[in-house]
Amino acid sequence: MTLIPSRAQTFATAPMQDILYVVLRQLRRPLASKGVDISDAEAQSLAAARIAGERLARPELIAALLAVIEESEGVLAALGLTYIKSLDTDMATLGGWETTADFIDLAERKSNAELRITLAAGMALAYGQEQRYLPYLMHTAKGDYGDESSIAFRCICFAAGVESTQSDALQMSEARLQRQTDS
C-alpha cells in the first residue's frame, strides 16, 4: 500500500517553481482586490521567470503582496492578535462568539489572515527580497504549522540561495539574509 504524502511534505519536496506557481494562484483573489490580476498562465510565467533569475515583470506585485499582509494584520488586530500570537493561539481561547456560526466565522477570518500573511510574505521575499516580514516567516518555518511552515521554509531558503535539503538550511539562510540586510 502506498501512502499519500501530506501536503506539507509535498511542499517540502516540490520544485520551487511549482511552489511559486501554486502560491501565486492561491493569492489571486486577495491580489486582485489590490489591483493586481494574475491569470494561471501568468502565474506560471512569473514562477518560471523567477526560477530563471529574470527581473520581475510585474513590479506592482510586491506592493500588492505587502498590502495583503497589512490588510490581514488588520484582521488579526481586530481580534486582539498579532500574526505570531495568532499562530500560537487556540481558537477555544478566543472570545467574541456566541453561536457555532460565530465561532466558524471567527476561525475562518483568523486562519485566512494567517495563511495570507504567510503566503504573501513568502512571495514578497522570494520575488522582491522584501525582508520586512522575515521574522514572521522564520517563526512559521521553525514551528509546526503544516503547509505554512513548509512554504515559509522553502521561500526563506530560496531567497537566500541555500539548498533546502541541507541539514542547517534555515540557519544558513537566516544568516545569509541578515548579511544582505546589513550590507
What is the distance in Å between the Cα centroid of the range 50-77 and that of the range 105-139? 10 Å
Could you state the accessible area per residue of the chain in Å², with a 1.4 Å probe and every protein chain left in place? 52 Å²
Helical contribution to [θ] at 222 nm, DSSP H n ≥ 4, -39,500 (n - 2.57), averaged over the chain, rounded to 500: -21500 deg cm²/dmol
Loop-located trypsin sites (Lys or Arg not before Pro) in the range 1-107, at most 16 other Cβ atoms within 10 Å (DSSP): ARG55
What's the magnitude of the charge dipole for the range 1-147 around its Cα centre, counting Lys and Arg as +1 and Asp and Glu as -1 at the beta-carbon? Answer in Debye, nearest 20. 400 debye
Which of the GluC sites (Glu not before Pro) found in the range 143-183 are in a DSSP loop and have at most 15 neighbouring Cβ atoms, other than their own, within 10 Å? GLU163
Read-out Cα Rg over 2.2 N^0.38 Å, derived from the coordinates shown; its label in (1) 1.05; (2) 1.96; (3) 1.14: (1)
In the range 1-94, GluC sites (Glu not before Pro) in a DSSP loop with at most 16 other beta-carbon atoms within 10 Å: GLU54
Positive-end residue, the range 130-183 charge dipole about Cα centroid, Cβ charges, pick of ALA141, ILE151, SER173: SER173
Using only Cα atoms, tell me the angle between helix 169-182 and the longest principal axis of the chain; keep it within 0 to 90° and round to the nearest 10. 80 degrees
Two-site FRET efficiency, MET16 against GLU98, from Cβ-Cβ distance with R₀ of 35 Å, rounded to 0.05: 0.20
If packing is taken as the mean number of other Cβ atoms within 10 Å per residue, what is the order of 76-82, 18-24, highest first? 18-24, 76-82
Taking only Cα atoms and a 10 Å spring cutoff, compute GNM fluctuations for the chain and point out the largest among LEU115, LEU106, LEU27. LEU106
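The values are calculated or read from the model by the stated rules, or taken from the named source; none is laboratory data. This one's a predicted model, so the numbers in the text were calculated from it and none came from an experiment. For neighbour counting, all protein chains shown are included, and Cβ atoms are generated from backbone atoms with ideal geometry for every residue, glycine included. Side chains are part of the model used for accessible areas, which takes the heavy atoms of the whole protein and leaves out ligands, DNA and RNA. Shrake-Rupley method; radii C 1.70, N 1.55, O 1.52, S 1.80 Å.
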